Amino acid sequence: MTHPIDDSTEDSVELPTSHPVLASGVRSSSVTGCEDATNTSVNSNRLGFNCKRQMKIGTWNCGGLSFTTREMCRDLKYDILVVTETHDKETMSSSTNFVTSDPAPASDPFSGVAIMLSDRVAKCVSHSGCVGSRIVYATVKAKPCNLFILGVYMPHKMRTEKPLPADTLSQLECVLAKVHPHTCIILLGDLNCKLGRNVGKLTGKWCAQKHANAEGLKFLELMKQFNLRASSTFFQLRRSKLGNATYLAKNPEFCPSQIDYILTSERWMSSIRTCKVKWGISCLRWGRHYDHGLVECTFRATLAVRKVQPTKDFSVLKNDREIRQRFDVKVSTNLTQSTFNQDNPTETLKNLHNAINVATSVLPCKKNLPTRKRHVSARTKQLYEERQAKFSKMSQEDRKSASYAISNSIRDDYIAYRQNSK
C-alpha cells in the first residue's frame, strides 16, 4: 500500500545494535530452503516468560516507521507489537527490544517488518531471524509453552514484480514447517487478503467479509495445514461502527475491509481473552480514520483441567459372588457380540481388553481411605492453653520453659503414635 505521507526517511534515527535476538521453537538454527534467511540467537532467561500472566499483543501497518511513529508505538506499552510497512532504507537495526527484517530493496521500497518487545519479554528471547524484508520471526522462551512470534507483510495482489504473494506465501510455509509442534504460534501482520466468514474452524462469525478472495483462499489452506485460527474474527466489536474492519481506503466508495489479522495455534485459542481494532493511533498518524487500524489482543495461557476418572475396585470379584457373576456375563456377552479373527492373537487380545473395559461398569469404585490423624494428648492441649492464657504476663524465661514443655509433650505424643501404628 502506498501512502500520501511518507516520512520514513525524515527524522530517522539508527537504533542501537547491541542485540543479536530470539527462539527454541525453530528446530534448526537456520531456516533452510528459504532464500535470504538470517538468524541470530542469544542466551535467554532460564526460567522463561510466564504466559499465565496477561500479555498485550498487537499489529499495525504504520505506513512508514519514522522516529516519531516509533515513539508513538513504544508509548502504547505492548508486550509484543508487530509493525508492518516500515519502509526501512537501512536506517534500522535489531536491538534487545526491536527485531527488524532486512532493509527494503529498491524493487520493493514499501516493504519492511519489525517486532517491538517489552523488557519482560525481550529478556526471554532465545532466537530470531528474518526472510527478506517481509517476514520476521522470534521465539520467546516461556512456560507452559514457548511462543513463536511471526510478523508478516504480504504483498498485495496488484504487484507485477517480485516478490509476488505466492513467493512470500511459500517462504512463510517454509518458516512454519520448522516450528516445533508444541510451540504456540502467534502470526500477526498485514496479510493483504480477505478471509471468509465461518470457514470451518479457521475463522469466526465476526469476520468483516462473508466470502474470501483468491488470496484469502490460499492463505486459508496454509492455516489449515499448520492448525492456525484467525483469532481476531471470533470476537465481536459492539461499540464500533466499523466492526472488525482494519483498512479504510482513500476513496470512500470502497467498503471497509479486514486484511490485518492475528492468527493463533488452535491448541492455544482459548488463551486469547479479548481482541479488538483500535483507530486512535491511526488518527494520530494521519489526522483522521484512514489506512490501517491497530489490531490488539490479550493473551493469557490457560491449561485444560483433566477430570480424574474414579478407579474401579477389582478386589470385590474375590469376595462378592453376585458381582463376579455379573462381570463374567458382561465379558462373555461383549466377546460374543464382537466380530474378530480368532486366529490373530493381537486382535483377540485387543477385543478381550475392550470387553473387560466395558464390563468394569458393574464394579464399584474404590473408596478413598481416610487419612489417619495423629493423636494429640490432653496433657499437650493443657500445656498449650496454659501458655496462651498467661503469655502476656510471663517473663522471657517462663515463655521458653513453657515452649520447651510443649515440645517434649508433642514428642511423646509422636512416639506413642508410631508405636500404636505398628
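Some points to look at:
- Any hit, the range 155-173, residues being under 28 Å from Ala245 (Cβ atoms) and in contact (Cβ under 8 Å) with a residue 60 or more places away in the chain: yes
- Total residues in the range 233-289, condition in contact (Cβ under 8 Å) with a residue 24 or more places away in the chain, surrounded by fewer than 13 Cβ atoms within 10 Å (Cβ to Cβ) and among the basic types (Lys, Arg): 1
- Looking only at the range 124-151, and only at residues there that are part of a loop (DSSP other than H, G, I, E, B), touching a Ser or Thr at 6+ places or on another chain (Cβ under 8 Å) and not small (Gly, Ala, Ser), the one that is surrounded by the fewest Cβ atoms within 10 Å (Cβ to Cβ): Cys145
- Evaluation of Thr339 against (1) of a type in the set (Val, Ile, Thr); (2) outside any helix (DSSP H, G or I); (3) surrounded by 11 or more Cβ atoms within 10 Å (Cβ to Cβ); (4) out of contact with any Lys or Arg (no Cβ under 7 Å at 6 or more places or on another chain) (one fails), failing number: (3)
- Number of the exception - Ile415 against (1) more than 30 Å from Glu322 (Cα to Cα); (2) modelled with pLDDT under 90; (3) surrounded by 13 or more Cβ atoms within 10 Å (Cβ to Cβ): (3)
Yes/no per residue for (1) surrounded by fewer than 17 Cβ atoms within 10 Å (Cβ to Cβ); (2) at pLDDT 90 or above:
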| position | (1), (2) |
| --- | --- |
| Cys34 | no, no |
| Ala37 | no, no |
| Asn50 | yes, no |
| Arg53 | yes, no |
| Asp79 | no, yes |
| Thr84 | no, yes |
| Lys89 | yes, no |
| Ser93 | yes, no |
| Ala104 | no, no |
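- Residue within the range 378-388 that is more than 30 Å from Asn408 (Cβ to Cβ), of a type outside the set (Phe, Trp, Tyr) and surrounded by fewer than 13 Cβ atoms within 10 Å (Cβ to Cβ) present: no
- Residue within the range 346-357 that is small (Gly, Ala, Ser), at pLDDT below 90 and in a helix (DSSP H, G or I) present: yes
- Any chance Leu176 is in the same structural domain as Asn50 (by TED's automatic domain parsing), surrounded by fewer than 22 Cβ atoms within 10 Å (Cβ to Cβ) and without any contact (Cβ under 8 Å) to a residue 24 or more places away in the chain: no
- Selection within the range 299-333 - in contact with a Cys (Cβ under 8 Å, 6 or more places away or on another chain) and at pLDDT 90 or above: Phe299
- Selection count where residues are touching a residue at least 60 places away in the same chain (Cβ under 8 Å) and surrounded by 23 or more Cβ atoms within 10 Å (Cβ to Cβ), scope the range 61-72: 3
- Qualifying residue in the range 243-256 (condition: among the acidic types (Asp, Glu) and either outside the structural domain of Cys193 (by TED's automatic domain parsing) or closer than 20 Å to Cys51 by Cβ (or both)): no
The values are calculated or read from the model by the stated rules, or taken from the named source; none is laboratory data. Keep in mind that this is a model prediction, so the values were computed, not measured. Here the Cβ is made from the backbone with ideal geometry for all residues, glycine too, and neighbour counts use every protein chain on show.
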